[in-house]
Amino acid sequence: MAQEASEQSGTTLPPQTNNPPAVAVHKSSPPPAGLNSKELKATFKTMLSEESVDPMAPRDNELPKFGTDARYLGEELGCFCKMRDVTYLMNFAKRKFDQQRAAKQAIPKIDPSQAYRSLLIEFVTSTRTLYEDFRNKHKKDPRFKNFGRDERERERAFKNWLQELGEQKRQQLIKAGQDFQNFINQKSFSN
């Protein structure tokens, strides 16, 4: 219909094609021809790993990540994957999720009291620090939240740390005074 109108008006329209617009293709080389199904499956898994496909995301959201890869668009792997990619993608996602879970469980659990103490050592360096200021600043820190049953227990540990910190500073002051006295005594003997 558009062509008839353009012919009557004397203008020409460019030829229309039913081809979809070109998609940017990744530079990865397609897999070599003649691979068996195990090798094709391994290539597909490698491609999914390289494209960092999220195992928890829906397939339709992740397809654009690997759908433009030359290996996926290649003849042999492309036909293989397009027929079975849902199954292999689900298996890949399941394995990757299991790996992530195992890695998360392999991380050693830290004792909450040790974690809270490390938080105190790291941030409370003055004996003039108030518990309310410390609490407001670190109340979202997991080391703070996981320690103790209630606020009183956290505050008690905080005050114990302040006493310990005061004792450490007093010991440092005494040692500095003794070192200074020794230095003066050595200088007076050498003159």
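Can you tell me the order of 92-100, 57-65 when each peptide is scored by its average per-residue count of other Cβ atoms within 10 angstrom, highest first?
Packing order, densest peptide first, comes out as 92-100, 57-65.
If packing is taken as the mean number of other Cβ atoms within 10 Å per residue, what is the order of 135-143, 110-118, highest first?
Top to bottom by mean Cβ count within 10 Å: 110-118, 135-143.
Summing +1 for each Lys or Arg and -1 for each Asp or Glu, what net charge is found among the other residues whose Cβ lies under 10 Å from the Cβ of Y116?
Charge balance in the 10 Å sphere: +1.
Label I110 and D54 with points 7 Å out from Cα along Cα→Cβ: what is the distance between them in nm?
It is 2.7 nm.
Once the piece of chain linking M90 and E132 is laid out straight, how much longer is it, given 0.36 nm per residue of separation minus the C-alpha distance between them?
Net length gain for the segment: 10.1 nm.
Take the Cα gyration tensor of the range 112-190, multiply each eigenvalue by 5, square-root it, and list the three semi-axes largest first, rounded to whole angstrom.
They are 37, 10, 10 Å, listed from largest to smallest.
Past 22 Å, Cα to Cα: identify those pairs from K139/K169; K41/K96; K38/K104; K38/K94; K38/K96, in the order given.
Correct reply: K139/K169; K38/K104.
Starting with the fewest neighbours, write out M47, M90, M56 ranked by other beta-carbon atoms found within 10 Å of each beta-carbon.
M56, M90, M47
Since every read-out is calculated from the coordinates, none of them should be taken as a lab result. Note that the coordinates shown come from a computational prediction; the quantities given were computed from them, not determined experimentally. Every residue, glycine among them, receives a Cβ derived from its backbone with ideal geometry; neighbour counts consider all protein chains shown.
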